[in-house]
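Notes to accompany the following structure.
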Amino acid sequence: MRTGIGYDIHRLVSGRPLVLGGVEIPYEKGLQGHSDADVLVHAVCDALLGAAGLGDIGRHFPDTDPAWKDVSSLILLAETWRMASMNFGAVVNVDATIFAQRPRLLPYVDAMARNLADCLVIEAGRINIKATTTEGLGMIGQSEAMAAMCVVLLE
């Protein structure tokens with residue numbers, strides 16, 4: 001068994017959809033990035049890659065590669081699991097936290113978990129997603145950015 005930790009942060013900007021866990025969430029801003037900038041999925045990818053000893057998301061899906069421009073991060077996650085699963089049989093569990101001042105994310109976490117589970121070929125019950133604010137502190141607290149952190153266990 002091996003564990004991995006992932007973290008990602010992106011700036012919030014006007015003119016982009018907000019996508020978290022593959023779910024488009026109604027909000028006046030979206031996350032800036034080369035792909036859809038889904039911080040949750042990026043954190044899960046990095047946690048998987050770390051547990052599998054395969055480096056990080058930037059090594060496999062660089063923002064200089066036009067193939068990944070505006071791509072759904074769920075595609076990145078499915079490919080990440082394909083790489084990791086060559087040496088590991090299953091994801092035991094995923095525990096993730098999204099850091100965002102707004103919008104409220106609780107109504108969307110079940111759909112996010114289902115999307116992640118589909119990519120990882122596990123039951124959605126093995127995925128736990130939490131959301132918290134930073135109590136108005138920093139870029140996240142001022143609604144200028146969102147971040148996510150994730151831990152995975154592979155067997």
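The values are calculated or read from the model by the stated rules, or taken from the named source; none is laboratory data. As the structure is a prediction and not an experimental result, all values here were calculated from the model. Positions of Cβ are generated from backbone atoms using ideal geometry, with glycine treated the same way; all protein chains shown enter the neighbour counts.
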Next item on the list: Return the only residue of Val19, Val13 being in contact with a helix residue (DSSP H, G or I) (Cβ under 9 Å, 6 or more places away or on another chain) and either closer than 15 Å to Met146 by Cβ or modelled with pLDDT of 95 or more (or both).
Entry: Val19
Next item on the list: Restrict the check to region 64-79 and report whether at least one residue is in contact (Cβ under 8 Å) with a residue 24 or more places away in the chain, basic (Lys, Arg) and over 20 Å from Ala148 (Cα atoms).
Entry: yes
Item checked: Test result for Arg114, without any contact (Cβ under 8 Å) to a residue 24 or more places away in the chain and of a type outside the set (Asp, Glu) -> yes
Note to self: Being farther than 21 Å from Arg82 by Cα and either free of Cβ contacts under 8 Å to residues at least 24 places away in the same chain or not aromatic (Phe, Trp, Tyr) (or both) is true for just one of Ser35, Ser14. Which residue is that?
What the structure shows: Ser14
Check: Within region 94-141, how many residues turn out to be assigned to a loop (DSSP other than H, G, I, E, B), among the basic types (Lys, Arg) and surrounded by 17 or more Cβ atoms within 10 Å (Cβ to Cβ)?
Finding: 0
Next item on the list: Quick one: Met146 ticks every box in (1) under 16 Å from Val41 (Cα atoms); (2) touching a Lys or Arg at 6+ places or on another chain (Cβ under 9 Å); (3) part of a helix (DSSP H, G or I) except a single one, so which number is it?
Entry: (3)
Margin query: Please go through (1) under 14 Å from the mean Cα position of the chain (by Cα); (2) under 16 Å from His10 (Cα atoms) for Lys69 and return the number of the only condition it doesn't satisfy.
Written below: (1)
Check: Is it true that some residue in region 5-16 is of a type in the set (Ser, Thr, Tyr) and either surrounded by 17 or more Cβ atoms within 10 Å (Cβ to Cβ) or farther than 17 Å from Asp70 by Cβ (or both)?
Finding: yes
Item checked: Odd one out for Trp68, checked against (1) closer than 23 Å to Ile122 by Cα; (2) in contact with a Leu (Cβ under 9 Å, 6 or more places away or on another chain) -> (1)
Margin query: Can you go through Ile127, Ile98 and tell me which one is closer than 14 Å to Val39 by Cβ, in contact (Cβ under 8 Å) with a residue 12 or more places away in the chain and in contact with a Lys or Arg (Cβ under 9 Å, 6 or more places away or on another chain)?
Written below: Ile98
